[in-house]
Structure formats: structure tokens, C-alpha cells
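Enquirer: Could you have a look at this structure, given as C-alpha cells, before my questions?
The values are calculated or read from the model by the stated rules, or taken from the named source; none is laboratory data. Given the structure is predicted, the values throughout are model-derived calculations rather than measurements. Every residue, glycine as well, gets a Cβ built from its backbone with ideal geometry; the counts of neighbours run over all protein chains shown. These area figures cover heavy atoms from the full protein model, side chains too; ligands, DNA and RNA do not enter into them. Shrake-Rupley method; radii C 1.70, N 1.55, O 1.52, S 1.80 Å.
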Amino acid sequence: MHLPRTAATFSPPVMEARRWLDGVDFSDLPLINVSQAAPVDPPPLAMRQAMAQMIVEDDETHLYGPVLGLPALRAQVAQDWSQAYGGEISSENVAITSGCNQAFTAAISTLCAEGDEVIVPVPYYFNHRMWLDMAGVLSVPLPPSDGLIPNANDAASLITDRTRAIVLVTPNNPGGVEYPAATVEEFAALARARGIALIVDETYRDFDSRVGAPHKLFQYPQWDDTLIQLYSFSKAYRLTGHRVGAMVASPQRLKEVEKFLDTVTICPNQLGQRAALWGMQNLSDWLAGERLEILDRRAAIEEQIPRLAATGWILEGCGAYFAYLKHPFDIPSDALAQKLVREAGVLTLPGTMFMPDGGGTQHLRVAFANVDRAGITELFDRLVAFTSQQA
């Protein structure tokens with residue numbers, strides 16, 4: 001008996017974690033939710049007002065649009081990316097998608113057939129693994145080296161005649177770490193030499209702590225023979241519900257991507273695309289402020305960690321929206337995460353959700369984008385108190 005595609009993978013982790021809240025009384029300890037890496041606030045008021053005007057005055061907001069996205073938005077991405085990365089990117093290299101997850105699914109659909117392989121550094125982003133499972137593609141885990149940074153030499157030993165791509169997420173989800181430019185460029189050189197694609201998911205690029213381009217891949221001649229870059233407008237402009245992402249790749253690949261997108265959604269969300277374009281043209285100062293706020297929350301995590309480290313915890317990665325913690329308990333992280341909900345009023349995701357079966361039992365991911373400095377202090381108060389109670 002053949003199982004349906006969806007039976008090949010696990011339940012959505014964020015939805016699974018939310019079920020742990022059922023029946024728990026948070027009246028004494030209000031819930032601190034650090035489980036999901038998405039803004040909970042709406043877009044800034046000026047953007048919402050502009051969107052309201054679009055709805056009323058721009059009739060095309062309500063109609064089908066081009067499958068590969070709004071031409072003006074594609075052109076804006078090409079212009080901004082060319083400037084930011086110091087490379088040559090045209091609008092023909094850009095496709096707009098219904099969120100970054102769809103950009104990934106479209107990329108894999110143009111690369112892989114049943115039984116092919118994709119190398120994914122661990123800990124990995126769980127939705128990437130879920131799609132590969134459902135597509136009949138084998139996820140080949142690449143263990144990290146020091147500091148959760150993958151090594152291209154290690155990846156080289158995993159490449160077979162069925163390998164079609166390597167996936168990098170930087171800044172990383174769930175680890176938070178920013179991959180050094182040299183690391184990303186070594187992976188690009190490996191992928192080019194072996195004739196496979198390098199997918200670089202830069203969903204969190206707007207919150208990178210580094211100044212300037214995080215890598216030089218777009219400066220390479222014929223960069224698009226190897227590189228597929230993915231991006232999300234959701235995190236930059238709080239457009240999570242409008243589902244707007246992007247893929248930057250060769251025009252030849254985007255012709256194949258168009259087949260996938262036309263079949264799945266026909267076109268990206270028209271209002272969301274117009275909002276993203278408006279944001280790119282009007283909110284650069286606001287976005288710079290958002291970046292500084294996220295960097296300050298990262299600093300708050302790093303300031304708090306010594307008192308938690310004194311109880312046996314280890315901070316293995318921190319950046320973008322995430323802190324990746326190693327816990328000191330003799331129980332697996334999925335059981336620990338549920339215990340933290342009941343006894344500390346903290347909802348986080350266990351490392352088991354970001355690793356192959358049997359992995360991640362000593363880790364938790366904390367998504368701190370929606371927790372301010374006071375909330376981060378309270379989070380660490382509770383983790384320290386919980387740890388003391390377990391002694």
C-alpha cells in the first residue's frame with residue numbers, strides 16, 4: 001500500500017507546540033511564548049494606511065497578476081540587491097513568491113526528482129525537511145563544526161550522483177548564527193565544482209549584525225549558474241499574513257519556477273506585493289530601527305546568559321531572531337519543552353524538531369523577536385528558577 005505524500009513527514013512543529021498549552025493555567029505565570037519566529041505586531045501604521053488606499057483606489061490589487069510577480073517589485077528587488085551585494089542582478093533574475101517557504105518548494109521542484117538528495121546542515125529549518133520528505137527527496141544531514149557553522153569539506157564527502165543541492169540558511173534558523181562570508185563562498189565553490197545548486201535562504205538578512213554584504217556570491221561572473229537565493233518580506237515589514245517572498249536565480253530556472261507557481265497559487269498576493277514595494281521605497285529608516293531593536297534583544301540574551309550558564313546551560317548560537325541553548329537535564333528536549341510550559345510558563349521549541357530522528361535531545365530554540373528586554377529578563381528568571389527546582 002502506497003502512503004500519501006503528507007504521510008512521509010511529521011506534523012508542523014509550531015502547531016504541535018501550541019497543543020501543549022491546552023489545559024494549562026497561566027494565571028500565576030503568564031505565558032512567555034518564544035516558540036515562533038514571526039512578528040506578532042501588524043505593519044507600521046503608515047504602511048497599513050497605504051494598503052487601505054491601495055484596496056480602494058487600485059483595482060488591479062484585486063485581480064490576478066503576473067505569475068512571477070509584480071514587475072515593479074521585481075525591479076526594486078533587483079536594484080536594491082545589486083547595490084547591497086555589489087553584483088549585477090536584473091529583474092529577470094527575480095521571482096516573487098507566496099512567502100519564502102514557497103520559494104523553497106519551487107526551487108526544489110525545479111531541481112529534484114524522486115529519490116534525489118539535498119544536503120542540509122543541522123540543525124535545519126523544519127519546513128525545509130518537511131517539503132523534502134513530501135517531495136520524495138532525501139535530506140542528507142550535514143553535522144555542524146564549531147559554533148554551529150557547517151564545513152564545505154565535510155559536505156564534499158556527502159555528495160553523490162543523486163545530490164542536487166546544498167541548502168544554507170544564514171542568519172540561521174534555528175541556530176541564529178551568521179555564516180562567515182568565507183564559509184558561504186567555500187560552499188558556492190564546492191557546488192559549482194560539482195555541478196549542483198547552492199540554495200541560500202536569507203530570510204533574516206535584514207537583521208544581520210554585520211555591516212555591508214554578508215557574502216560576495218552575487219559578484220561572481222555567472223553567479224546564477226549555481227546560486228539560488230531566497231528571501232522573505234514577512235520579517236522585514238511584518239507582512240506575515242500577506243505571504244510575500246522572493247527567489248533570485250537564473251532566468252532559465254525562473255521559467256521552470258513559473259510552471260510550479262502557476263499551478264499552486266497562479267500569482268502572489270497582490271496587496272502584499274504592493275505593500276512590500278511601498279515598504280522598500282518608504283521604510284528604510286524604520287527597518288533600520290527594527291534591526292537595531294532586534295540586535296539589542298540579541299545583546300540582552302548575551303548579557304543574561306552567564307547566570308543561566310552558571311546552572312549548566314550553554315548558549316551555542318545567537319543572532320537574528322534566535323538563541324539556541326543546550327540544556328543540562330537528563331531528559332530529552334521535547335519532554336523538557338512540555339515541562340517548561342507546565343512548570344515555568346515558557347513555550348519554546350525543542351531541538352528534536354530541527355534534527356533527524358534521535359537528534360537534538362539536548363537543545364531548545366528560543367525565538368526572541370517578540371520579547372523585549374524586560375521579557376528576556378523574566379524569561380531567564382524563570383529558566384534559572386526552574387533549573388534550581390530540578391536540582
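Enquirer: Relative to the longest principal axis of the chain, what angle (0 to 90°, nearest 10) does the C-alpha long axis of helix 284-309 take?
Expert: The helix 284-309 is inclined about 30 degrees to the chain.
Enquirer: Order the following by accessible area, largest value first: Lys235, Lys216, Lys326. Probe radius 1.4 Å; ligands, DNA and RNA are ignored.
Expert: Ranking Lys235, Lys216, Lys326 by accessible area, largest first, yields Lys216, Lys326, Lys235.
Enquirer: May I ask you to give the percent of accessible area on the chain that is carbon plus sulfur, with a probe radius of 1.4 Å? Walk me through the numbers before you get to the answer.
Expert: Values: 8470 of 16500 Å².
Carbon with sulfur: 51 percent of the solvent-accessible area.
Enquirer: Can you run phi through the Karplus equation (6.51, -1.76, 1.60; θ = phi - 60°) for segment 53-68 and list ³J(HN,Hα) in whole Hz, with x for Gly and Pro?
Expert: 5, 4, 4, 7, 9, 10, 4, 5, 4, 9, 10, 4, x, x, 4, 8
Enquirer: Residue by residue through segment 211-221, what is 3J(HN,Hα) from phi via Karplus (6.51 cos²θ - 1.76 cosθ + 1.60, θ = phi - 60°)? Round to whole Hz and write x for glycine and proline.
Expert: Per residue, the Karplus-derived 3J(HN,Hα) values read 9, x, 5, x, 6, 10, 4, 6, 8, 5, x Hz.
Enquirer: Report the charge-dipole magnitude of the chain in Debye, nearest 20, computed about the Cα centre from +1 at each Lys and Arg Cβ and -1 at each Asp and Glu Cβ.
Expert: Numbers: 30 positive and 45 negative charges, 46 e Å.
With only Lys, Arg, Asp and Glu charged at Cβ, the dipole is about 220 debye.
Enquirer: Out of residues 5 or more away from Val200 or on other chains, whose amide H comes under 5 Å of its own, with H placed 1.01 Å from N in the peptide plane?
Expert: Leu168, Ile228, Gln229, Leu230
Enquirer: Could you give the Stokes-Einstein D for segment 62-133 in µm² per second, using the C-alpha Kirkwood radius, 20 °C, 1.002 mPa s?
Expert: Values: Rh = 14.3 Å.
Result for D is 149 µm²/s.
Enquirer: Considering all projection directions equally, how large on average is the shadow of the alpha-carbon convex hull of segment 159-214, in square nanometres? Write down the numbers at each step before the final one.
Expert: Values: hull surface 16.6 nm².
That works out to 4.1 nm², a quarter of the Cα hull's surface.
Enquirer: Also: What is the spread of the Cα atoms of the chain along each of their three principal axes, largest first, in whole Å?
Expert: Principal-axis extents of the chain (Cα, largest first): 59, 53, 49 Å.
Enquirer: Next up: List the lysines whose Cα lies under 18 Å from the Cα of Lys339, skipping any in the same chain that are fewer than 8 positions away.
Expert: Partners within reach: Lys326.
Enquirer: Something else now. Would you work out which of Gln36, Val24, Met54 lies farthest towards the positive end of the dipole of segment 6-56, given +1 charges on the beta-carbon of Lys and Arg and -1 on that of Asp and Glu, about the Cα centre?
Expert: My answer, from the dipole projection, is Met54.
Enquirer: Could you give the size of the charge dipole of segment 129-234 about its Cα centre, using +1 on the Cβ of each K and R and -1 on the Cβ of each D and E, expressed in debye and rounded to the nearest 20?
Expert: 180 debye
Enquirer: Sticking with this one: Which whole-number percent is the relative contact order of the chain (Cα, under 8 Å, 6+ apart)? Can you show the working numbers first?
Expert: Numbers: 726 pairs, mean separation 91.8, N = 391.
Result for the chain is 23 percent.
Enquirer: Then there is this: Between Thr377 and Glu92, what is the FRET efficiency for a Förster distance of 51 Å, r being their Cβ-Cβ separation, to the nearest 0.05? Let's see the in-between values first.
Expert: Working: r = 49 Å, r/R0 = 0.96.
After rounding, the FRET efficiency stands at 0.55.
Enquirer: Which percent, nearest 5, of DSSP beta bridges in the chain are antiparallel? Intermediate results must be reported in sequence, preceding the final value.
Expert: Values: 20 of 39 bridges.
Of those bridges, close to 50 percent are antiparallel.
Enquirer: Related question: When the Cα centres of segment 224-278 and segment 291-364 are compared, how far apart do they sit, in Å?
Expert: 31 Å
Enquirer: Given the options Ala135, Pro123, Ala181, identify the residue whose Cα lies farthest towards the positive end of the charge dipole of segment 96-190 (+1 on Cβ of Lys, Arg; -1 on Cβ of Asp, Glu).
Expert: Ranked along the dipole, the leading option is Ala135.
Enquirer: About the Cα centre, and with charges only on the beta carbon of Lys, Arg (+1) and Asp, Glu (-1), how big is the dipole of segment 51-177? Nearest 20 debye, please. Intermediate results must be reported in sequence, preceding the final value.
Expert: Numbers: 4 positive and 14 negative charges, 68 e Å.
In total the dipole reaches around 320 debye.
Enquirer: While we're looking at this one, here's another question. Kindly provide the Kirkwood hydrodynamic radius of segment 25-82 in Å, to one decimal, from all pairs of distinct alpha carbon atoms.
Expert: Working: mean 1/r = 0.0643 Å⁻¹.
Hydrodynamic radius (Kirkwood, Cα only) of segment 25-82 equals 15.6 Å.
Enquirer: Still on this structure: Using Cα springs under 10 Å in a Gaussian network model of the chain, which residue among Asp201, Asp133, Asp161 shows the largest mean-square fluctuation?
Expert: Residue with maximal mean-square fluctuation among Asp201, Asp133, Asp161: Asp161.
Enquirer: What does the net charge come to around Ala300 if you take all other residues with beta carbon closer than 9 Å to its beta carbon, with K and R at +1 and D and E at -1?
Expert: On the way: positive: Arg297, Arg298, Arg373; negative: Asp296, Glu302, Glu303, Asp372.
Taking every Cβ under 9 Å from that of Ala300, the sum is -1.
Enquirer: A further question on this structure: Under the rule of -39500 (n - 2.57) per DSSP H run of 4 or more residues, summed and divided by the residues of the chain, what mean residue ellipticity at 222 nm is obtained, to the nearest 500 deg cm²/dmol?
Expert: Values: 13 runs with 163 residues, N = 391.
Dividing the helical sum by the residues of the chain leaves -13000 deg cm²/dmol.
Enquirer: For the Cα atoms of the chain, what angle does the longest principal axis make with the long axis of helix 333-344, in degrees from 0 to 90, nearest 10?
Expert: The two axes meet at around 60 degrees.
Enquirer: Can you give the three extents of the C-alpha atoms in segment 122-190 along their principal axes, from longest to shortest, in whole Å?
Expert: So the three principal-axis extents are 31, 26, 16 Å.
Enquirer: Divide, for segment 310-391, the radius of gyration over alpha carbons by 2.2 N^0.38 Å, where N is the residue count.
Expert: Numbers: Rg = 12.1 Å, N = 82, 2.2 N^0.38 = 11.7 Å.
Taking the Cα Rg and dividing by 2.2 N^0.38 Å, one obtains 1.03.
Enquirer: Near the amide H of Phe368, under 5 Å away, which other amide H atoms are found, from residues 5 or more places off or on another chain, if H is placed in the peptide plane?
Expert: It is Phe322, Ala323, by chain and number.
Enquirer: Per residue, how large is the accessible surface of the chain? Use a 1.4 angstrom probe and give square angstrom.
Expert: On the way: 16500 Å² over 391 residues.
Heavy-atom SASA per residue in the chain reads 42 Å².
Enquirer: To continue, here is another question. May I ask for the percentage of alpha-carbon pairs in segment 1-132 that lie more than 21 Å from each other? Mind dumping the intermediate values first?
Expert: Working: 5772 of 8646 pairs.
The share of Cα pairs beyond 21 Å in segment 1-132 comes to 67 percent.
Enquirer: Hey, another quick one. Looking at segment 159-196, which trypsin sites (Lys or Arg not before Pro) are DSSP coil and have at most 16 other C-beta atoms within 10 Å of their C-beta? Don't skip to the end; give the middle numbers.
Expert: On the way: sites: Arg162, Arg164, Arg192, Arg194; in loops: Arg162.
Filter output for segment 159-196: Arg162.
Enquirer: Could you list log10 I(q)/I(0) for segment 58-203 at q = 0.14, 0.16 Å⁻¹, which the Debye formula gives when each Cα is one point scatterer?
Expert: Result of the Debye calculation: -0.74, -0.94.
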